[in-house]
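Visitor: Once you've had a glance at the structure underneath, I'll fire off some questions.
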Amino acid sequence: MVAFEYLKPKSIDEAISLHQSHGEKARYVAGGTDVMVKIKEGKIGPQYLISLRHIQGLDRIAHENGELKIGALATHRTLEQSSIIKKEFPILTDAVTNIGTVQIRNVATIGGNIVNAVPSADGAIPLITLGANVRVMGPKGERTMALEDFFVGPGQTLLEPGEI
C-alpha cells in the first residue's frame, strides 16, 4: 500500500486550501471506505489524504421548512436510524439499509457514496427520485446543482479540482 500523509483540517476553507497546496497529490476522504479500497487496489496513490471528519456540521441532518438537508459526512447508519428520514423519506431509509453491513454503514458516508459516482450507489437513486440538489464548495466558491445533473458517467461527476 502507498504511504500517505493524513491531514485533518477543521474547516471547509482549510480543507480547500490544503487541496490547493497539494493539488493532484491530494484526495479528500470522508468515511474512506471507497478511497481505501482504491488505494489498496493501486487505482489511486495520493500522497495526502485530506480528512473531512473533523469539520463540524458536515454530518448534520435537518428537516427545516419542508426541506431535508443532509451533510456529506452523514453516515449511512445515521441515515438509516434517523426518525426524520424514516417518517418523511422512507425511500431513503430503505435504500441505505441495504448498503453493505452495519460496520460499513457506520463508516461510509452519503457524500462519499455520491462523489464516487458508482452506478450502483444505493444512496443516490432515492435522492435523485426525491429531486435532491448537491452543494459543492471549492476554490472558486460555492455552487448548487441537481443531483441528477451532477453525474456525467460512471465514476464521473461535475466536481472541479479541489471541490468538496
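Visitor: Among the candidates Thr101, Thr97, Thr78, single out the residue that is surrounded by 18 or more Cβ atoms within 10 Å (Cβ to Cβ) and among the polar types (S, T, N, Q).
Guide: Criteria check complete, one pass: Thr78.
Visitor: If Val118 meets every condition in (1) open to solvent by less than 60 Å² (accessible area, probe 1.4 Å); (2) within 18 Å of Tyr28 (Cα to Cα) apart from one, which number is that one?
Guide: Tallying (1) open to solvent by less than 60 Å² (accessible area, probe 1.4 Å); (2) within 18 Å of Tyr28 (Cα to Cα), Val118 fails exactly one: (1).
Visitor: Name, by its number, the condition in (1) touching a residue at least 60 places away in the same chain (Cβ under 8 Å); (2) touching a Gly at 6+ places or on another chain (Cβ under 8 Å) that does not hold for Ala146.
Guide: Of everything listed in (1) touching a residue at least 60 places away in the same chain (Cβ under 8 Å); (2) touching a Gly at 6+ places or on another chain (Cβ under 8 Å), Ala146 misses just condition (1).
Visitor: Residues that are in contact with a Lys or Arg (Cβ under 7 Å, 6 or more places away or on another chain), farther than 15 Å from Ala72 by Cα and in contact (Cβ under 8 Å) with a residue 12 or more places away in the chain: find the strands (runs of 3 or more DSSP E) completely inside the range 1-61 holding 1 or more of those.
Guide: Fully inside the range 1-61 and qualifying: 48-51.
Visitor: Let me ask something else. So Met145 ticks every box in (1) of a type in the set (A, V, I, L, M, F, W, C); (2) closer than 18 Å to Gly71 by Cβ; (3) open to solvent by 60 Å² or more (accessible area, probe 1.4 Å) but one. Which box is left unticked?
Guide: (3)
Visitor: Then there is this: Which one of Ile16, Ile44 is touching a helix residue (DSSP H, G or I) at 6+ places or on another chain (Cβ under 6 Å) and either surrounded by 16 or more Cβ atoms within 10 Å (Cβ to Cβ) or under 21 Å from Ala117 (Cβ atoms) (or both)?
Guide: Being touching a helix residue (DSSP H, G or I) at 6+ places or on another chain (Cβ under 6 Å) and either surrounded by 16 or more Cβ atoms within 10 Å (Cβ to Cβ) or under 21 Å from Ala117 (Cβ atoms) (or both) holds for just one of Ile16, Ile44, which is Ile44.
Visitor: Within the range 122-129, does at least one residue satisfy the condition of being out of contact with any Gly (no Cβ under 7 Å at 6 or more places or on another chain), surrounded by fewer than 18 Cβ atoms within 10 Å (Cβ to Cβ) and small (Gly, Ala, Ser)?
Guide: no
Visitor: Check whether at least one residue in the range 49-60 is of a type in the set (Ser, Thr, Tyr), at negative phi and out of contact with any Leu (no Cβ under 9 Å at 6 or more places or on another chain), and report yes or no.
Guide: No, there is no match, as no residue in the range 49-60 is of a type in the set (Ser, Thr, Tyr), at negative phi and out of contact with any Leu (no Cβ under 9 Å at 6 or more places or on another chain).
The values are calculated or read from the model by the stated rules, or taken from the named source; none is laboratory data. Predicted model, so just to flag it, every value in this text is computed and none were measured. Reconstructed Cβ throughout: ideal geometry from the backbone, glycine too, with neighbour counts over all protein chains shown. In case anyone asks, the SASA skips ligands and DNA or RNA and just uses the protein heavy atoms, side chains included. Shrake-Rupley method; radii C 1.70, N 1.55, O 1.52, S 1.80 Å.
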